[in-house]
Structure formats: C-alpha cells, structure tokens
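All remarks here apply to the structure that follows.
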C-alpha cells in the first residue's frame, strides 16, 4: 500500500450557520492501473462532516464521527481533483490521506 498525505494548502471558506468548508486540490496519483484502488481516509472527525469530491457528495456511515473514515474514490478520480470537507466552525481539519492498493491488497 502507498500513502499520500493531503497536507496543505487547504483553502478555508466560512459558510452560513457557523460552517466552514475546507478545500484541497490534488492531481490524480500516477502509476495507477486497472487493478489499483484508491481510498480517501479521513481521521478522527469530531461532529458532522460533509465530504465532496469533484462536486460529488460522498456518503459517510452514521458511525463515522470520531473514527477514521475510509471511502473508495477510484472511479471518481480525474486528472485534477477538488476535495471539500464541510464541518462546524469549531471543528478542525484532521489528517486526510489517499491510500493506494493493488488488487492483491498491497
């Protein structure tokens, strides 16, 4: 498995209702083949969070709060990607990463 940490730069935008949208742009990882799977992993989310990738909402399990969330995004990846996390203003951006594995799970 290969890991890519999505550190800064994150753009921050204040929204109505004391919400904050954090946006991060990234390129599609290189070296992917038909057997590759790419996962978006969001660590310890405190409270409600809405996640979109390239404008498409990602569905999180109800139990996702306070636990790492792992979402497969392989089919949604484009050459240039936009990831948005919307959460309460009191919340903080937590570590976010991409995990890349081949068909064998490596």
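None of the figures in this text is laboratory data; all of them are computed from the coordinates on show. The model shown is predicted, which means the values in this text are computed figures rather than measured ones. Cβ sites come from the backbone with ideal geometry, for glycine too, and all protein chains shown count toward neighbours.
What to note about this one:
- By the Kirkwood approach, averaging reciprocal distances over each pair of separate Cα atoms, the chain gets a hydrodynamic radius of 14.3 Å.
- Highest mobility in the GNM of the chain, judged by mean-square fluctuation with C-alpha springs under 10 Å and restricted to 16, 90, 75, is found for 16.
- Förster-model FRET efficiency, 30 Å R0, residue 44 and residue 72, C-beta, rounded to 0.05: 0.90
- Full-extension gain in nm, residue 12 to residue 60, via 0.36 nm per residue minus C-alpha separation: 15.1 nm
- Estimated FRET transfer efficiency (residue 34, residue 88; beta-carbon r; R0 41 Å; 0.05): 0.55
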